[in-house]
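Comments concern the structure below.
The values are calculated or read from the model by the stated rules, or taken from the named source; none is laboratory data. Here the structure is a predicted model, which means the values were calculated and not measured. Positions of Cβ are backbone-derived with ideal geometry, glycine not excepted, and every protein chain shown enters the neighbour counts. Just the protein is used for accessible areas: all its heavy atoms, side chains included, with ligands, DNA and RNA removed. Shrake-Rupley method; radii C 1.70, N 1.55, O 1.52, S 1.80 Å.
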Amino acid sequence: MGRFGLIFKSIAKGRVTEKYPFAPIELPEGFRGKPEIDPEKCIGCGACATVCPPSAIQIHVDEEQGYKTIDLFLGRCIFCARCEEVCPAEAIRLTKEFELAAASEEDLHQVVKLKMAKCAGCGRPFDTVRHLQFIAEKLPEEQKPMLALCPDCRAKLASKILTVAARRHR
Amino acid sequence: MMFKKSLWVFHLNSGSCNGCDIEVLNIFTPKQDVERLGIKLVGSPRHADAIAFTGPITRECLPKAIEAFMAVPEPKIVLAIGSCACGGGIWFDSYAVIGGIKEFYKILKEKHGIEPPTTIYIPGCPPKPEAIIYGVALARKAVEQKQKSEIFVEESDIDDAATLFKEATSTRHFIPKIEVIKRGE
């Protein structure tokens, strides 16, 4: 292609520059943008925090107030969508939002605070109410009472049951 | 802080993986031609209005980053491009990095007594070229900030597991269901 051929080609092609800040752009199918937690659906199981490679989702437990805090910090998120894959309640999903620039770091946080249930044995808050209800739907009826106990009390109860049962069969 | 005229940017790779650097260079290609907005990359920090950090600021480049930062004349703005610069990214707790622009400011304040300038955080891994343009537009107050922090607090009367599962208080009905199988029978 000669020099003139190139010029004619570029004229035929027309303008390629986007008008971006003044006009919106089209995003491709399956674009991974800002992750968002739906606070109505979130059960606070912590699966997303476990799989998150950069620990952008962190979970803090406040035993005095009885709250479990799910803190999503966008400034560290790498948009891998593992949290979306693993969420059992389909509460977290990646939107197509990409205009995330913020003038302060505080604006990059999304915080969900969920109420925790107290153990029927020792009275220590151990899990969110929503998570217990979520598990209770899937459990058979005879196993449900165990849910009211924290893992420590559950272990104690299980060993107690085993000792009693072993004594009976002796 | 507001720049009414052209914004000249000094681009500093502070330990980035090159993903963000390629996106920064992308915005100067014909498709997202930001030179139409007066934004230009300059070769020396002394010529710049803004300094763009890409990367979690490694220990090795910290003295150079401080030197380049102090060479930018006042008034200046800082663009933290990518997740690494914003909050340390996937290496936030590594021994080899400082861990983002916030930690960098802490070191600046301790050692040199410099107050942090206006900073625009542009998250993304890497951020889309349009996201960087949006961040620069935000720095010039040409667009409104969309991202806001959200705090949701659940309000519920139930805070006791015993009320959820009332039969849990007695344990007697568990016991008959367990069968012990003796070996050798």
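Do you know which residues across the range A:89-115 are touching a residue at least 24 places away in the same chain (Cβ under 8 Å) and facing chain B (nearest Cβ under 7 Å)?
A:Phe98, A:Leu100, A:Glu105, A:Leu108, A:His109, A:Gln110, A:Val111, A:Val112, A:Lys113, A:Leu114, A:Lys115
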query = Within the range B:105-112, is even one residue buried (at least 21 other Cβ atoms within 10 Å of the Cβ) and over 17 Å from B:Cys20 (Cβ atoms)?
reply = no
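Could you please let me know if A:Ala103 is open to solvent by 40 Å² or more (accessible area, probe 1.4 Å) and within 30 Å of B:Gly38 (Cβ to Cβ)?
yes
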query = In the range B:19-65, which residue that is in contact with a Leu (Cβ under 7 Å, 6 or more places away or on another chain) and over 30 Å from A:Gly14 (Cα atoms) is surrounded by the most Cβ atoms within 10 Å (Cβ to Cβ)?
reply = B:Phe53
ask   = Can you tell me which residue in the range A:112-144 is nearest to A:Ala91 (Cα to Cα), limited to those that are open to solvent by 40 Å² or more (accessible area, probe 1.4 Å) and of a type in the set (Asp, Glu)?
value = A:Glu137
message = With the requirement that a residue be open to solvent by 40 Å² or more (accessible area, probe 1.4 Å) and not in a loop (DSSP other than H, G, I, E, B), what does the range B:114-131 give you?
response = B:Thr118
ask   = Quick one: which helices (runs of 4 or more DSSP H) sit completely within the range B:24-113 and have at least 2 residues that are among the aliphatic types (A, V, I, L, M) and touching an Asp or Glu at 6+ places or on another chain (Cβ under 9 Å)?
value = B:101-112
request  = Could you please give the count of residues in the range A:1-49 that are more than 11 Å from chain B (Cβ to nearest Cβ), open to solvent by 60 Å² or more (accessible area, probe 1.4 Å) and not in a loop (DSSP other than H, G, I, E, B)?
outcome  = 8
note = Cβ pairs under 9 Å, 6+ apart or interchain, first in the range B:145-164 and farther than 18 Å from A:Gly44 by Cβ, second β-branched (Val, Ile, Thr), ordered by first then second residue, are B:Ser149/A:Val111; B:Ala162/B:Thr169
query = Across the range A:101-129, which residue is nearest to B:Thr118 (Cα to Cα) among those that are part of a helix (DSSP H, G or I) and either of a type in the set (A, V, I, L, M) or in contact with a Lys or Arg (Cβ under 8 Å, 6 or more places away or on another chain) (or both)?
reply = A:Glu105
request  = Count, please, the residues in the range B:95-145 that happen to be more than 13 Å from every other protein chain (Cβ to nearest Cβ) and small (Gly, Ala, Ser).
outcome  = 2
ask   = Which residues, taken from the range B:1-12, are within 26 Å of B:Lys102 (Cβ to Cβ), open to solvent by 20 Å² or more (accessible area, probe 1.4 Å) and modelled with pLDDT under 90?
value = B:Met1, B:Met2, B:Phe3
task = List every residue pair whose Cβ atoms lie under 6 Å apart, where the two residues are 6 or more positions apart in sequence or sit on different chains, the first residue falls within the range B:25-39 and is at the interface with chain A (Cβ under 7 Å from one of its Cβ atoms), and the second residue, located anywhere, is at pLDDT 90 or above.
result = B:Gln32/B:Pro129
ask   = If we scan the range A:145-161, do we find a residue that is under 30 Å from A:Cys80 (Cβ atoms), open to solvent by less than 40 Å² (accessible area, probe 1.4 Å) and not in a loop (DSSP other than H, G, I, E, B)?
value = no
